[in-house]
Structures are given as structure tokens and as C-alpha cells.
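Peer 1: Handing you a structure now.
The values are calculated or read from the model by the stated rules, or taken from the named source; none is laboratory data. Predicted model only: the values in this text are computed from it and were never measured. Glycine gets a Cβ as well: all are built from the backbone with ideal geometry, and neighbour counts include every protein chain shown.
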Amino acid sequence: MNHSAIRNGLGYTTLALMIIALFMVFDYVPPEAEQGIAQLIFYFHVPLAWVAFASFGLVAIAGIFYLWLGDQLWDDLGYAAAETGMVFCTLMIVAGSIWAKPIWGTWWTWDSRLTTTFILWLMYGGYLMLRASADDTPQVARFAAVVGLVAALDVPIVIASVRLWRTIHPAVLVTRQGGHGLEDPRMVATLLVCLAAFTAFWAWLLMLRFTQLRARSRMGALAVRIAFARAAAADLK
Amino acid sequence: MSAPVVETHRLAKTYGLAPVLREVELRLLAGAGAFIVGGNGAGKSTLLRILAGLEAPSDGRALVFGQDTRRLGARYRRRIGVMAHQSFLYPNLTARENLEFYAELYSVADPRASAIQWLDRVGLAGVADTRVRAFSRGMEQRLSAARAMLAEPGLLLLDEPFASLDHDGAEIIEALIRGAVERGASVIATAHAVPEIAGVEFAAYEISRGRIAQQAHQEEVRRGGRLRTLLGR
Amino acid sequence: MAGDSARCWADRTLSGFAAVLRKDLRLELRSGESTLALLALSMLVLVVLVFALDAAHVRSVEVAAGALWVAMVFAGMLGANRALLAERDNGAIRGLLLSPLDPGTLYAAKLAAALIFMLIAEVGAVILMVIFFNLDFDASTARLAPILVLGAIGFSALATLLSAITGRTRSGDMLLPILAVPIFVPALIAGVKASAAALGGAPLASMGDWLRIMIAFDVLFVVAGYLLFEQVVGEN
């Protein structure tokens with residue numbers, strides 16, 4: 001599998017899709033009746049959230065495969081997915097905050113989607129801190145796999161509990177969920193293109209980081225082989 | 001010929017970039033004993049830990065009772081007794097409580113009786129109800145030996161069993177090893193030098209820089225003079 | 001024959017579980033540090049919250065419930081750390097790993113010990129909460145019991161698994177709350193909401209949704225802990 005060909009392909013795809021997406025969001029799609037131009041953030045929020053959650057799912061799946069098969073490849077994939085996902089999750093949180101201030105006058109609103117994403121962000125943070133503080137132990141990959149897995153299994157319960165929490169105490173400032181309510185087919189089209197663009201962006205970054213980590217792991221394995229060969233050579237003296 | 005109790009095939013282990021074991025080949029039959037001799041850092045303890053199933057090899061395989069050490073089931077773990085540098089004893093429990101606890105874990109028939117019996121054997125009956133934190137290093141070592149052997153395991157892995165022991169203590173451990181071999185157990189022990197154990201035949205291996213460099217029967221070593229070490233020959 | 005070996009396994013597992021739990025309780029009884037520290041910490045946290053929330057003259061079940069759960073989470077964190085501490089002396093954890101004891105059974109025993117300590121701390125915290133936050137000892141306090149037990153099970157299950165990991169890393173003590181709190185959020189939300197409702201006089205039947213969330217959390221983490229513990233305790 002030619003890694004750099006895939007990487008470059010993803011890069012160009014991302015560029016193309018992003019340009020189209022930006023055009024569609026700012027020029028093509030009609031503004032929504034009630035919220036006006038501020039609603040446009042929705043076309044970035046939804047894809048960012050999707051990517052953040054999907055990436056965490058990948059961390060968990062890679063963790064399962066690592067625990068089962070023991071191949072370093074899965075650990076590298078999980079780590080790459082965690083770092084990449086963290087980037088998009090942070091973007092989503094920051095976008096939410098920047099948008100909330102001029103519109104609602106507060107830096108943050110505890111609506112169910114933002115709250116859940118924030119919890120996810122904390123889980124990402126914990127995972128990455130674990131990686132950082134355990135990187136000198138040989139079991140770090142195993143620890144990270146377990147933490148990623150249990151955190152991911154917890155996410156559905158987080159979603160359920162936050163949703164229940166919000167319906168009992170609806171936030172004073174409610175973000176437009178906008179799942180159904182996309183009457184105009186142009187809105188649907190724009191959303192789909194944005195989803196595709198951000199997914200491509202995520203996949204491209206993931207590939208970049210993954211190939212870096214793979215190279216590092218392979219070098220590590222080589223270094224061990226060299227150490228063995230050196231020791232064997234020393235025997236002959 | 002019966003199946004070997006312990007077997008290794010091209011066993012290798014690295015810690016980071018340091019190869020600690022390289023291409024170790026070992027075979028031990030039932031009822032046989034082996035001493036693995038080497039200096040500090042030669043890899044003796046690592047080898048024992050891999051055979052006990054505590055660590056996985058980086059390369060190659062180790063088999064105990066025919067099972068890969070990476071997947072030792074409960075039934076096989078019960079047949080292995082391990083003595084290490086650390087005693088695995090709880091300082092705030094008494095000697096008797098420690099032994100009873102391990103006897104229960106190893107499904108020994110009558111844990112209380114077994115604990116008393118083994119305390120006797122290692123000469124600690126007098127301090128049975130003293131907490132281990134008050135023990136000297138030698139006493140702890142003796143108790144650790146009792147802990148390792150009370151389930152009458154088929155394989156004993158002993159890491160420097162004579163360290164920190166005075167003459168009396170060493171005699172006690174010697175007697176225990178002799179008893180174990182007499183009832184058909186296999187023993188692998190490590191040491192800095194090959195000791196003399198009356199009445200027991202041991203194969204002797206030297207491990208140096210991660211490889212088993214030389215193998216000589218204990219008899220040959222004894223012929224060269226009592227307590228003569230293999231190192232520097 | 002198969003029935004025999006199944007019974008054998010059950011016997012062995014039960015006796016192994018009992019042996020480890022008995023040992024931990026005996027060790028705790030001898031030193032008594034953990035339980036005393038847990039109770040003290042719970043009390044101090046509640047005191048801080050009384051001042052911080054200016055609740056000295058207010059009678060609010062929401063504030064009381066929230067304070068109670070904050071105290072519980074802090075105490076639970078401390079308790080979990082100590083559950084595996086005893087095994088560090090003389091490498092005792094290796095003795096356990098070498099024994100025929102199933103890692104899952106070891107997890108169950110450690111979970112039980114952590115749970116017992118946390119429940120003791122909870123009783124103390126509830127008493128202090130009623131006193132500090134101007135509530136009454138009545139039926140509503142008793143209705144807290146199942147909610148707090150569910151919360152303790154979930155937190156102990158999670159923290160026992162995580163502390164096996166964080167205990168072996170560099171900044172382990174700080175890392176445990178960083179990992180545990182976000183994951184515990186759903187049970188925390190449910191627990192606080194249900195506790196506030198119970199203290200306000202609502203029957204348990206009305207909190208079905210919250211209790212279901214806590215039960216789901218507990219089942220998930222007890223099972224996950226049981227299955228994954230052996231991945232994180234060993235050296236390979």
C-alpha cells in the first residue's frame with residue numbers, strides 16, 4: 001500500500017472539498033429563517049462533532065485490536081486517532097464558544113450537544129495525559145487501549161444522561177439542533193458536502209500522524225535488532 | 001522419555017534497547033535440578049521471571065509443563081513455586097497469616113495445619129504470630145521459601161535462595177530443596193556460585209551476557225574443588 | 001465430570017475471592033489509616049462546601065445532594081488508590097499474579113474492598129450532610145441508600161480498574177481523577193439528581209430513568225473491569 005500516494009490523494013481531496021464547502025456555506029445555501037446568518041456555524045459544528053466522536057470510536061476499536069492481536073500497528077493507529085480527534089474536538093469546543101458570545105452574550109452554553117462534546121474533550125485529554133506520563137513504561141500501549149475502550153463504552157451513557165439532564169432543565173439558551181427542520185434541499189446538500197470535507201480533512205491528518213508513528217515504531221524495532229546483532233558480534237571477539 | 005518440565009526455544013528478551021537474554025536453550029526433565037550461575041545483570045532473574053509467566057519473552061518460546069508461559073492457566077500456576085528477591089509477604093500480617101493466605105490461594109487441603117507445619121520446617125514456629133515487618137532479612141527469606149513450597153509444587157523456581165542467609169538458614173533451605181527433589185519436583189535455582197547440596201545432583205549452567213555459555217555437571221565442578229565457581233574458568 | 005470441574009472452579013474462585021478480601025479487611029483493621037482518612041476527607045470537603053456555597057442558613061436539597069456527591073467522589077478517589085497500595089510492599093502483587101488466582105477474581109475482591117470503604121465513608125457523609133445542610137433524619141434520608149449504593153458500586157468499579165493503571169505511571173496520583181471524573185459524569189449526574197429528588201420526598205419509582213442510567217453504568221464497569229483487569233496488572 002503506497003502510503004504517500006494515499007496521503008497526497010487525501011490532501012488534494014480535502015482541499016477540493018473544502019473549497020466547495022466554503023462556497024456552498026457562504027454563497028449557495030439560503031440562510032435559515034429564524035436565526036439568520038449565525039446559523040451557518042451549524043454546517044461546521046455538525047461535521048466537527050461527527051469527526052470528533054468517530055475518531056474516538058476509532059481509538060476504541062484500535063485498542064480492542066491491540067489487546068487482541070498485540071501488533072504495534074494498532075497502538076499507533078489508536079494514538080494517531082486520539083491526537084487527530086483531539087484537534088477536531090478542540091475546534092468544535094472553541095467554535096461553540098466563539099459563536100455563543102456574540103449571539104447569546106455568554107462564553108458557553110450547556111446544551112446537550114456541547115456538553116457531551118466537552119466531556120469527550122476531557123476524555124481525550126485524559127487519554128493523552130496518560131500517554132504522556134506513561135511513555136517510559138512498556139505497558140503504555142496496553143494501558144491506553146484499556147482507557148480508550150472503557151471511555152468509548154461510556155460515551156453512550158454520557159449522551160443519555162446529559163440529554164435527560166437537559167430535558168429536565170432546558171438551558172436558557174438553546175442551540176438549534178437542526179436535525180429535521182432542514183426544509184430546503186440546498187441545506188441538506190451543503191451539510192453533506194461539509195461532512196465529506198471535514199471527514200476527508202480528518203482522514204488526511206490521521207494518515208499523516210499514523211505514518212509518522214509507524215515509522216517511529218519500525219525504527220524502534222530495527223534498533224532492537226541492531227542491539228542483538230551487536231551483542232552477537234561482541235561474542236565473537 | 002518423559003516430556004521436559006521446562007523447555008525454552010531461542011528465548012530472547014530486551015528491555016528497551018538492551019538485550020538481556022539471547023537465544024537461550026534450556027531443557028529440564030521431571031525430578032531434575034539445575035543451577036544457573038552468573039554475575040549481576042547476566043539475565044538470571046529475567047529468565048526465571050519468564051519461566052514463571054510473569055513476563056513475556058521478546059522472541060522465542062518458553063514452555064513449562066508443556067504450556068506456553070505466556071498463557072499459563074490456573075491449574076499450571078498451582079504447580080509452580082517461586083522465590084524471588086522480593087518476598088511477596090505482607091509486612092503487616094503475621095508469619096502464620098501470610099502462609100495461611102497463600103495456602104488458601106493454592107487450594108491446600110488444610111491451610112492452618114499446613115502453615116504450622118511449614119513454619120516448623122523453616123524454624124519460624126516461635127515467631128508464628130509476629131508481624132513480618134519485624135523480621136530480619138534472613139527470617140523473611142526463610143518464610144518466603146515456605147510460601148513458595150507449601151503447595152508442594154512440581155516446579156520450583158528459586159532466585160538466589162541462599163542470599164542473605166547465615167549457615168543455619170542455608171542448611172534449612174538446602175534441606176527443603178532436597179526434600180522437594182526427593183518427592184519428584186524439578187528445581188531451577190540461580191546463584192552467583194554453585195553451592196554444594198549433599199545428596200542432590202544438579203546440572204550447572206553458566207549465563208553470561210544473556211547467553212547460556214557453558215554447561216557442566218555438578219560432579220565435574222566438584223572435582224575441581226569444593227564450591228568452585230564456574231566463572232572465570 | 002464437567003459438573004465437578006465447574007463446581008471446583010466456583011469453589012476455588014469463591015475461596016480465592018474470600019481469601020483476598022479477608023486479607024485486605026484484616027490489613028485495614030490493623031492499620032486503620034484508610035477508613036479514618038476517608039471519613040476525615042468527607043467531612044472536610046463538606047465543611048468547605050458549606051462555606052463555599054454559603055449554605056449555613058439555607059435549606060436546599062439540591063445543594064445538599066451536590067455537596068454529598070462531591071464529598072463521595074473525593075473520598076472514593078482516595079479509597080481506590082489505597083486498594084492496590086497494599087500489594088506494593090515486597091512485590092506482593094507478583095505473588096498474587098503467580099498464584100492460581102484468576103485476575104478477574106482479584107479484581108472482584110479489590111472492588112469489594114474499595115466498595116466497603118466507600119460505603120462506610122458514605123454513611124459518615126450522609127450524617128454530616130443532614131447536620132451541616134439543615135435537613136432532617138427521616139424517610140427521605142433512608143431513600144438515599146439505594147442511590148448511594150449504586151453510585152458507590154459504579155465508582156469503585158471504575159476507580160479500581162483505573163488505579164491499577166495510574167498506580168504504575170509517573171504522575172499517577174493526579175492522573176486518577178483526570179481519567180475517572182469525565183468517565184464518571186453520567187453516574188454523577190444521575191446520582192445527584194436522584195439524591196436531590198429523594199431528599200425532596202419523591203418516591204424511588206419516580207426516578208426510574210436516573211436509576212436505570214446508574215445501573216447501566218455499574219453493569220458496564222463491573223463487567224469491563226472483570227474482563228480487562230488482567231490486561232493492566234501483569235507485566236507482559
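Peer 1: Go through the range B:69-89 and give me each residue that's surrounded by fewer than 23 Cβ atoms within 10 Å (Cβ to Cβ) and either of a type in the set (Ser, Thr, Tyr) or under 23 Å from B:SER164 (Cα atoms) (or both).
Peer 2: Passing the criteria: B:TYR76, B:HIS85, B:GLN86.
Peer 1: Still on this structure: Looking only at the range C:214-229, decide whether some residue is farther than 30 Å from B:ARG70 by Cβ, facing another protein chain (nearest Cβ under 8 Å) and surrounded by fewer than 24 Cβ atoms within 10 Å (Cβ to Cβ).
Peer 2: Yes, because at least one residue in the range C:214-229 is farther than 30 Å from B:ARG70 by Cβ, facing another protein chain (nearest Cβ under 8 Å) and surrounded by fewer than 24 Cβ atoms within 10 Å (Cβ to Cβ).
Peer 1: Which of (1) more than 14 Å from chain B (Cβ to nearest Cβ); (2) touching a helix residue (DSSP H, G or I) at 6+ places or on another chain (Cβ under 6 Å); (3) part of a helix (DSSP H, G or I); (4) surrounded by fewer than 21 Cβ atoms within 10 Å (Cβ to Cβ) does C:LEU21 not meet, given it meets every other one?
Peer 2: Condition (1) is where C:LEU21 drops out.
Matching residues to (1) at pLDDT below 95; (2) β-branched (Val, Ile, Thr); (3) within 18 Å of A:ALA62 (Cβ to Cβ):
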site	(1), (2), (3)
A:TRP121	no, no, no
A:ALA134	yes, no, yes
A:GLN139	yes, no, yes
A:VAL147	no, yes, yes
A:ALA151	no, no, yes
A:ASP154	no, no, yes
A:LEU164	yes, no, no
A:GLY179	yes, no, no
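Peer 1: Here is a further query. Go through the range B:62-103 and give me each residue that's small (Gly, Ala, Ser) and within 27 Å of B:ARG22 (Cβ to Cβ).
Peer 2: The answer is B:ALA62, B:GLY66, B:ALA84.
Peer 1: Looking only at the range A:1-31, which residues are within 22 Å of A:TYR43 (Cβ to Cβ) and outside any helix (DSSP H, G or I)?
Peer 2: Residues satisfying the conditions are A:VAL29, A:PRO30, A:PRO31.
Peer 1: Further question on the same structure: For the range A:25-41, check the following and say yes or no: at least one residue is within 22 Å of the chain's Cα centre (by Cα) and among the polar types (S, T, N, Q).
Peer 2: Looking through the range A:25-41, none of the residues is within 22 Å of the chain's Cα centre (by Cα) and among the polar types (S, T, N, Q).
Per-residue answers, yes or no, for (1) at pLDDT below 90; (2) assigned to a helix (DSSP H, G or I); (3) under 30 Å from C:VAL223 (Cβ atoms); (4) small (Gly, Ala, Ser):
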{"site": "C:LEU41", "(1), (2), (3), (4)": "yes, yes, yes, no"}
{"site": "C:ASN90", "(1), (2), (3), (4)": "yes, yes, no, no"}
{"site": "C:PRO100", "(1), (2), (3), (4)": "no, no, yes, no"}
{"site": "C:LEU106", "(1), (2), (3), (4)": "no, yes, yes, no"}
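Peer 1: Against the condition free of Cβ contacts under 8 Å to residues at least 12 places away in the same chain, of a type in the set (Ser, Thr, Tyr) and either more than 20 Å from B:LEU51 (Cβ to Cβ) or in contact with a helix residue (DSSP H, G or I) (Cβ under 7 Å, 6 or more places away or on another chain) (or both), how does B:SER87 come out, does it pass?
Peer 2: Answer is no for this residue.
Peer 1: Sort out which residues of the range C:161-188 are of a type in the set (Val, Ile, Thr) and either touching a Pro at 6+ places or on another chain (Cβ under 7 Å) or more than 7 Å from every other protein chain (Cβ to nearest Cβ) (or both), and write them in order of number.
Peer 2: Those that are of a type in the set (Val, Ile, Thr) and either touching a Pro at 6+ places or on another chain (Cβ under 7 Å) or more than 7 Å from every other protein chain (Cβ to nearest Cβ) (or both): C:THR166, C:VAL181.
Peer 1: Those residues that are outside any helix (DSSP H, G or I), away from every other protein chain (no Cβ under 13 Å) and of a type in the set (A, V, I, L, M, F, W, C), I need them from the range B:25-61; list them, please.
Peer 2: Hits for the range B:25-61 are B:LEU26, B:LEU28, B:LEU29, B:ALA30, B:ALA32, B:ALA34, B:PHE35, B:ILE36, B:VAL37.
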